[in-house]
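A short reminder: the numbers here are calculations on the coordinates, not readings from a lab. Remember, predicted model here, so these are calculated numbers, not experimental data. Neighbour counts are summed over all protein chains in view; Cβ atoms, including those assigned to glycine, are modelled from backbone coordinates with ideal geometry.
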Amino acid sequence: MNQSSQPYQYQNSLHRKTRNALVTTTLALISEKGLSACNMIEIADQARVSRASLYNHFRDKNDVFLAVIDFEIERISTLASRGNELSEKLYIFSKEISANQALGKSLALDPALLTKAISAREHQLWAKIYQTLTFHISSDVAGVALVLRWLVGQIFLPLSLEHSKEQAARLARELSR
């Protein structure tokens, strides 16, 4: 390894750690008190990051929120990758969405913000969600759209673990036809 590249690798690692701390802290704050009750100063202080670093990574609270969504897409996708069968993957998606505390708190305290985020179909994160589902369920456009609507419904009306498992199995059977 070239010694001159070591400082850049350290900076890149530090950049990732700082960004991860900001995103996970924001996720915890949203889970605790909703997005609208959080502010940038609190995010920086809770993450133990300077305010300058926070603004170095994110322009505003909306940018942090988008990073949280991206983080959750990656996290849930990684979990779904552990499923062998389609029904297992669907169950993982369902379980993670239905049990997500940040979504629950957002629904209770910030319904307008949550609705706005969910209805912004032209946003690049929707493309990422769609690509992630396409990768995991290997279905046609109609099948992916059906799964997406099923999952969005669970944001507003979370399922029990039992219902998640039953519906995932039924949906998997229908998609496999």
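Placing dummy labels 7 Å off each Cα toward the beta-carbon, the span from Leu14 to Glu85 is 5.0 nm. When the helices of the chain are scored as -39500 (n - 2.57) per DSSP H run of n ≥ 4 and the total is divided over every residue, the value at 222 nm lands at -25500 deg cm²/dmol. Compute the Cα gyration tensor for the range 95-165, then decide on rounded, prolate or oblate, letting a ≥ b ≥ c be the square roots of its eigenvalues: rounded whenever a/c is under 1.5, prolate when a/b is larger than b/c in the other cases, and oblate in all that remain. Verdict is oblate for the range 95-165. Residue-wise HN-Hα couplings along the range 161-172, as the Karplus relation 6.51 cos²θ - 1.76 cosθ + 1.60 with θ = phi - 60° gives them from phi, are 4, 4, 5, 4, 5, 4, 5, 4, 5, 5, 5, 4 Hz; Gly and Pro carry x. Name the residue from Ile69, Ala169, Ser98 whose Cα lies farthest towards the positive end of the charge dipole of the chain, charges +1 on Cβ of Lys and Arg and -1 on Cβ of Asp and Glu. Selected residue: Ile69. Under a 5 Å amide H cut-off, with hydrogens placed 1.01 Å from N, Leu159 pairs with Ser98 among residues at least 5 apart or on other chains. Among Thr24, Thr132, Thr115, the largest mean-square fluctuation in a Gaussian network model of the chain (Cα springs under 10 Å) belongs to Thr115.
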